[in-house]
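The values are calculated or read from the model by the stated rules, or taken from the named source; none is laboratory data. Treat the numbers as computed from the prediction; the structure is a model and nothing was measured. Don't worry about glycine lacking a Cβ; one is built from the backbone with ideal geometry, like all the others, and counts go over all protein chains shown. For accessibility, only protein heavy atoms count, side chains too; no ligands or nucleic acids. Shrake-Rupley method; radii C 1.70, N 1.55, O 1.52, S 1.80 Å.
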Amino acid sequence: PQVCWLSPEQTAGKQKPYMYTQGQAVLNRSFFPCFDTPSVKFTYSATVQVPEGFTAVMSATSWEKQKDNTFVFKMSQPIPSYLIALVVGDIVSADVGPRSRVWAEPCLIEAAKKEYDGVIEEFLVVGEKLFGPYVWGRYDILFMPPSFPFGGMENPCLTFVTPCLLAGDRSLVDVIIHEISHSWFGNLVTNATWGEFWLNEGFTMYAQRRISTEVYGLPYTCLEAATGRALLRQHMDATGEDHPLNKLRVVIEPGLWGVNPDDTYNETPYEKGYCFVSYLAHLVGNQSKFDAFLQAYVNRFKFQSITADDTLGFFLEYFPDLKEKGVDSIPGFEFDRWLNMPGWPPYLPDLSPGQQLMRPADELAELWAADSLNMEAIEAVDITGWRTYQLVYFLDQVLQKSPLPEGNVKRLSKMYPKISKAQNAELRLRWCQIVLRNNLEAEYSKVKDFLHSQGKQKYTLPLYRAMWGGSEATRALAMETFSATAPQLHVNVQNYVKKILGLGQTE
């Protein structure tokens, strides 16, 4: 299950087959013999021979090509098994910074270079300033074929990402900040068990938002964090707050067949974890002191696998005055409650600086939802300077108010080609959802084009749900699109779509 074999039609070039591995959480045991637990770290080397016309790359600190198309890799830093990854395909590379290059199929390499030239180094430099040296040597990005079902996988030295990040206008480059932040939190300091996945993801979300604040400013980061909080709210509403998976410390109970840690994957370790790290910062009460703590934390536990008890013990040791105050047992905010009680985070960081970007978006969405459009007021709002998350927020509000009065969406489409003709996947997803909810048949082709262009789970499933829950016309569109695109989708995504459409599943 760890090794994914793609036929040529599942690639961007559609000429040659492709193979990649995805180890997280416990799949690398099906690829090579290993202690497949994040509590064990090791160095590795590998020799990979591939046919002529193909290139192999791995998550390793050094690699060289020898005769007979044989590639030799060495990872000189200890890593947990889930971070070992291999790709073999028709791929080429281009430099985009002093220690970074992009890898992609030949038909995508120009777009990848243009999008990321000079971008990665800026993020790395801010990360180093905040969290200490970047220890992995190179930071390369590999743009996967369109059928890759995930957003990104933080394999050291070589992050795998969806080609959906190639928006053509750099409007999604900041998504890579999350994967870069894993270089310190997750890859360097690692959760010892998958039951404490929040140690990887909660700290990474916090680190990502610290870097983003330095680069883009606080209001924008608060707006992005508000979108994250909304996703956590949706998740908890869907599962019920008391669901045992809505704890930070998840008990992965071995039943008759054991449990796949992947089944515990959801928004909680990310966004509730982020709230807990923010709460620790709030206890300290001073951003630069907390930044210094994070550097000390990384330095103390680098190349180790740790538990939440190690983390919180070190926090209290680093701030003896807080330990003396007994901050770990403040009623309602006990560390034990954070870790072991399901439900909504007891503390939420203040995201009000994001209001200055949300308010205009809220007001504009209100104007578009009116029975008779006040074009003068609408034209007075200039959205040309809005960045991705402000536009996403605006579209989310429009979607919530949909279906809009007859004709409004058609006018909105015409007025904002920046949105309705966007190549940015986050905007395309929401625009397609709005088109479907408002039965704008003239633009159903956009839904079809988007689903033909990529197979990322996060974009594909909501659109099939929307089509299947809609009119007869949208149901027909769902069937037609799926029968045309099924061969290019990852088998898991195929099965999820079949479930939505009430079709039998494939092995």
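A few comments on the model shown:
- Set LYS14/LYS414; LYS129/LYS421; LYS16/LYS74; LYS272/LYS410 screened for pairs whose C-alpha atoms are more than 30 Å apart: LYS14/LYS414; LYS129/LYS421; LYS272/LYS410
- Shape class of segment 191-340 from the alpha-carbon gyration tensor: oblate, with a/c at 1.5 or above and b/c at least as large as a/b.
- Rounded to whole numbers, the Karplus 3J(HN,Hα) couplings from phi for segment 320-327 are x, 5, 5, 4, 4, 6, x, 5 Hz, using 6.51 cos²θ - 1.76 cosθ + 1.60 with θ = phi - 60°, and x at Gly and Pro.
- Dipole moment magnitude, nearest 20 debye, segment 353-501 about Cα centre, only Lys, Arg, Asp, Glu C-beta charged: 680
- Vicinal HN-Hα couplings computed from phi for segment 54-62 (Karplus, 6.51 cos²θ - 1.76 cosθ + 1.60; Hz; Gly/Pro x): 10, 10, 10, 9, 9, 7, 9, 7, 9
- A Cβ-based charge dipole, computed about the Cα centre of the chain with Lys and Arg at +1 and Asp and Glu at -1, lands at about 680 debye.
- Of all beta bridges that DSSP places with both ends in the chain, some 75 percent have antiparallel geometry.
- Packing-based ranking of 193-200, 87-94 yields 193-200, 87-94, ordered from highest to lowest mean Cβ neighbour count within 10 Å.
- For the chain: accessible area per residue (Å², 1.4 Å): 42
- In sequence order, calculated HN-Hα J values of segment 217-232 (Karplus, 6.51, -1.76, 1.60; Hz; x Gly/Pro): x, 5, x, 5, 5, 5, 5, 4, 5, 5, 5, x, 5, 5, 5, 5
- Helical runs (DSSP H, four residues minimum) scored at -39500 (n - 2.57) apiece and divided by the length of the chain put the mean residue ellipticity at 222 nm at -13500 deg cm²/dmol.
- Under 5 Å between amide hydrogens, built in the peptide plane, is the criterion, and for PHE197 it picks out VAL250 among residues at least 5 positions away or on other chains.
- Straight Cα distances below 17 angstrom link LYS67 to the aspartates and glutamates GLU52, with same-chain residues fewer than 8 positions distant left out.
- Sum of side-chain charges, ASN260 neighbourhood, beta-carbon under 14 Å (Lys, Arg +1; Asp, Glu -1): -3
- Set of lysines near LYS323 by C-alpha distance (under 21 Å), chain-local residues within fewer than 8 positions excluded: LYS289
- For a straight C-alpha distance cut-off of 22 angstrom, the lysines reachable from LYS498 (same-chain residues fewer than eight places away being disregarded) are LYS446, LYS448, LYS456, LYS458.
- Close amide H partners of LEU142, meaning residues 5 or more places away or on another chain with modelled amide H under 5 Å apart, are TRP103, THR159, PHE160, VAL161.
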